[in-house]
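Participant: One structure, as structure tokens, below. Some questions next.
The values are calculated or read from the model by the stated rules, or taken from the named source; none is laboratory data. What you see is a predicted model, and the numbers here were worked out from it, not measured in a lab. Positions of Cβ are backbone-derived with ideal geometry, glycine not excepted, and every protein chain shown enters the neighbour counts. Accessible surface areas use protein heavy atoms only, side chains included; no ligands, DNA or RNA. Shrake-Rupley method; radii C 1.70, N 1.55, O 1.52, S 1.80 Å.
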Amino acid sequence: MAKNTHVVPRPTGWGVITEGASRAGVVTRTQAEAIAVARQLSIDRGSEMLIHGENGRIRARNTYGNDPTRSKG
């Protein structure tokens, strides 16, 4: 599975960071804009998108592609 994409708060807006990167690849003014960018990256990569709140804690996550936790049956 590809590296996850995180939407995180930044001093000047919201950042989109690929897991393992040291800095945001994209910084937007609003969280909604960052989520749209991260969603498309995650769809293209078949990875998971994690959305962090203003306090830095994960508030939502979406999996695009093969979900290894989904039960079969």
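Participant: Filter the stretch 38-60 down to residues that are basic (Lys, Arg) and within 21 Å of Gly13 (Cβ to Cβ) and give me whichever is farthest from the chain's Cα centre (by Cα).
Facilitator: Within the stretch 38-60, the subset basic (Lys, Arg) is 39, 45, 57, 59.
Applying the additional criterion that residues be within 21 Å of Gly13 (Cβ to Cβ) yields 39, 57, 59.
On the way: Arg39: 7, Arg57: 13, Arg59: 11 Å.
So, considering only residues that are basic (Lys, Arg) and within 21 Å of Gly13 (Cβ to Cβ), the one farthest from the chain's Cα centre (by Cα) is Arg57.
Participant: Hey, can you tell me all the residues within the stretch 4-36 that are open to solvent by less than 50 Å² (accessible area, probe 1.4 Å) and part of a helix (DSSP H, G or I)?
Facilitator: Correct list: Gln31, Ala34, Ile35.
Participant: Being open to solvent by 100 Å² or more (accessible area, probe 1.4 Å) and modelled with pLDDT of 95 or more: is that true of Arg70 here? Lay out the reasoning, then the answer.
Facilitator: Details: open to solvent by 100 Å² or more (accessible area, probe 1.4 Å): yes; modelled with pLDDT of 95 or more: no.
The answer is no for Arg70.
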